[in-house]
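The next block holds one structure in the form of structure tokens; read it before the comments.
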Amino acid sequence: MTDNTSFSLSCVVPVYNEGPVIAQFLEALQERLQGITPDYEIIVVDDGSQDNTVQLVEGYCDGQHIKLLELSRNFGKETALTAGIDATDSDAVILIDADFQHPLDMISVFVDYWRQGYQMVYGIRQDRDNESYLKKKGAQLFYQIMHYSTGINVPAHAGDFRLMDRKVIEALKSMPERNRFMKGIYAWVGYKTIGLPFQVQDRMAGESGWGFAKLTSLALSGITAFTTLPLRIVGGLGLLISIISVFYAFFIIFRTLFLGTPLPGWPTVIVAITFIGGIQLLSLWVLGEYIAGIFNEVKQRPKYLIQRQIGFNKKQ
Ligand code: UDP
Ligand code: MG
């Protein structure tokens, strides 16, 4: 950490079709940051927006405090954050959404904790009342699976809204995986961490880019990237079924030989075949998820492609 008087602070803001709010957001954010340190920068990462977001942000790029990193297409929020993080070299980095759901008031609180020595300060969402039942339950199930299956504790209700010290940033940058499941990665790196509760605000305008399908896919890739529990469950299931069938075989042999009961015929056979067939397909799917994960990692493609950078010339 730096001395008490001066430190540099970066704010990484991923944006995807945030045209209706981005101008207002940048002004509000800039006002807050000015009050915290003169050496601040806002890195807006455009994640392939199709609306006027880029043009609006360009208008704010002053060659000093507000910078734009335009990705070549929509890579997803996690990758956009990675691109933004890679572009920073300040003492502390804050990640914040552009839709006003993360209260700007928390920024100075995060900074205070950081200056007290915390290397990672993250926000804990207080309520998810305005989210659908399915989304809430899904999130709950996901955290439970993560919690029970990985050694690491992924805090529930913790999002990307957080401040990280340079040390943490360097740790994140050293992790080569293409699958940027950030919640898991934050938890994995460790460091002196504290979670602070905050109230999620309503989305100011625009729409959440996270549909149910996208969230489910994120959860699946998160689970397969951080735990091999599903493979074990499938293995356990196979073992269980084998044991049951051995007992059942003995039972049939006993019944036929000693009690003289005739063999009951095809229904049992059909049930057994479809059951085992189902389990086998399920196992293949689980295996497939992991193979897909391996496939994506071994390709060693860049995590993101940058179309254009504005305002970075001074540092890079
Ligand atoms: N976002 C992004 N790429 C995407 C989807 C979203 O960069 O593919 C940005 C979005 O502009 C916003 C933040 O990520 O600043 C959070 O997105 P959103 O509000 O849609 O997610 P939620 O609040 O539902 O988690
Ligand atoms: Mg949002």
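Hand me the GluC sites (Glu not before Pro) from segment 169-250 located in a DSSP loop with no more than 12 other Cβ atoms within 10 Å, in residue order please.
For GluC sites (Glu not before Pro) across segment 169-250 that sit outside H, G, I, E and B with at most 12 neighbouring Cβ atoms in 10 Å, the list reads 207.
Taking the Cα centre of the chain as the origin and placing charges on Cβ (Lys, Arg +1; Asp, Glu -1), which of 175, 309, 250 is farthest toward the positive end of the dipole?
Checked the options; the winner is 250.
How much length is gained on full extension from residue 188 to residue 295, taking 0.36 nm per residue of separation minus their Cα-Cα distance?
Extra length from residue 188 to residue 295 when fully extended: 36.3 nm.
Per residue, how big is the convex hull around the C-alpha atoms of segment 184-316? Give it to me in cubic angstrom, could you?
280 Å³
Give me the extension gain from residue 309 to residue 24: residue separation times 0.36 nm, minus the current Cα-Cα distance, reported in nm with one decimal.
100.4 nm
Within the set of other residues whose C-beta is less than 12 Å from the C-beta of residue 107, count the net charge using Lys and Arg as +1 and Asp and Glu as -1.
-1
Could you state the orientation-averaged shadow area of the convex hull built on the Cα atoms of segment 1-145, in nm² to one decimal?
10.0 nm²
Where the centre of each part is set by its Cα atoms, how far does segment 74-148 sit from segment 40-58, in angstrom?
Centre-to-centre (Cα) distance: 19 Å.
Taking residue 303 as the anchor, which lysines have their alpha carbon closer than 16 Å to its alpha carbon, excluding any fewer than eight residues away along the same chain?
77, 173
Over the alpha-carbon set of the chain, work out the extent along each principal axis and list the three values in angstrom, largest first.
The Cα atoms of the chain stretch 91, 41, 39 Å along the principal axes, largest first.
For the chain, what is the calculated [θ] at 222 nm in deg cm²/dmol (nearest 500), taking -39500 (n - 2.57) for each run of four or more DSSP H residues and dividing by its residue count?
After summing the helix terms and dividing by the residues of the chain, the value is -16000 deg cm²/dmol.
Calculate, in nm to one decimal, what residue 39 and residue 239 gain on full extension: separation in residues at 0.36 nm each, minus their alpha carbon distance.
66.0 nm
Read the figures in this text as sums done on the coordinates, not as results from a lab. No experiment lies behind these values; they were computed from the predicted model shown. Quick reminder, even Gly has a Cβ in these numbers, built from the backbone with ideal geometry, and neighbours come from all protein chains shown.
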